[in-house]
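The values are calculated or read from the model by the stated rules, or taken from the named source; none is laboratory data. Treat the numbers as computed from the prediction; the structure is a model and nothing was measured. Note: ideal-geometry Cβ built from the backbone for every residue, glycine included; neighbour counts use all protein chains shown.
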Amino acid sequence: MNLNKTFVLGRVTREPEIRSLPSGQQVANFGMATNRYYTDSSGQKQEAVEFHNIVAFGKTADIISRYVNKGTLLLIEGRMQTRNWTNQQGAKQYKTEIVAESMQLGPKSAGGMSNSNYTKSNSGDNSDTDKSNSQPDIPVIEENYGPPSVEAGPPAQSVSFEDKPTDEIDVKKIPF
């Protein structure tokens, strides 16, 4: 059995180039850089940088066209592919790329959008606050909390964490 799977986590080195195939499907081409740190034979810390060509099709290319710029941190999962062609001088040329099958955007940078983008214009009335700027309500669950009682059933009992049995799961009882 063979496996051709590549994971690359790095930064985009150039703005994605977006094109459309004759079928209408979008294609995105861009570069990424990854680095690794190591200690050489003299004990000095060194950094090695690798550059990768990435190509994405369809929905992945559409998402890249909207949200990915130079410098974006990106995780790409895909496969390696080497293309070859003959140039105008008759010499054979090769290009190895990673064909993106899925991707995940990295976290937004600290210099990105701030809460000021979500505040309403100040008209002098501070009583009207924007919901997106306030903290969400986080429910507080108390330690002795029990489920609400059912009218026809027995009254709910509160269970503390100390009273809870610590039995392990019996593997023989799992139905699969």
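General observations
- Of all residues in segment 1-24, exactly one satisfies the criterion of being surrounded by fewer than 14 Cβ atoms within 10 Å (Cβ to Cβ), among the small types (G, A, S) and part of a strand (DSSP E or B), namely S20.
For (1) out of contact with any Lys or Arg (no Cβ under 9 Å at 6 or more places or on another chain); (2) modelled with pLDDT under 95; (3) on the phi < 0 side of the Ramachandran plot, each residue gets a yes or a no:
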residue	(1), (2), (3)
N2	yes, yes, yes
E17	yes, no, yes
P22	yes, yes, yes
Q25	yes, yes, yes
F30	no, no, yes
S41	yes, yes, yes
N53	no, no, yes
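- Sole exception among (1) modelled with pLDDT of 90 or more; (2) farther than 26 Å from T72 by Cβ for A100, by number: (2)
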